[in-house]
Amino acid sequence: MFGLGLPELLIILVIVVLLFGAGRLPQIGSGIGEGIRNFKKSMKEKNEVDVTPAKGDGDKK
C-alpha cells in the first residue's frame, strides 16, 4: 500500500496523536468514516440532472 510498512504507519500514527491529542481521534475517525460512506453512497446513486428545457418553456417575446 503506497510502499508504507509497519514502522512508517506507526510513525504517522504517533504524529497524528501528538497533533490532535488522543481525545479527538474518535471524532476525527468518525468524521472520516462518514465522509467515506457519503462518497460511496453518492457513487452508487445514478441520479442525473436533466437540463433540457421543457416544450412550453421556450423564449416568449
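The values are calculated or read from the model by the stated rules, or taken from the named source; none is laboratory data. As the structure is a computational prediction, the values presented were derived from the model and not from experiment. Counting neighbours? That spans all protein chains shown, and the Cβs are built from the backbone with ideal geometry, glycine included.
Among the residues of the stretch 14-22, some residue qualifies, meaning at least one is modelled with pLDDT under 90 and not in a helix (DSSP H, G or I).
Of the residues that sit in the stretch 23-61 and are at pLDDT below 90, of a type in the set (A, V, I, L, M) and assigned to a helix (DSSP H, G or I), which one is surrounded by the fewest Cβ atoms within 10 Å (Cβ to Cβ)? Top of the filtered list is MET43. Taken together, the residues in the stretch 1-13 that are aliphatic (A, V, I, L, M) and in a loop (DSSP other than H, G, I, E, B) amount to 2.
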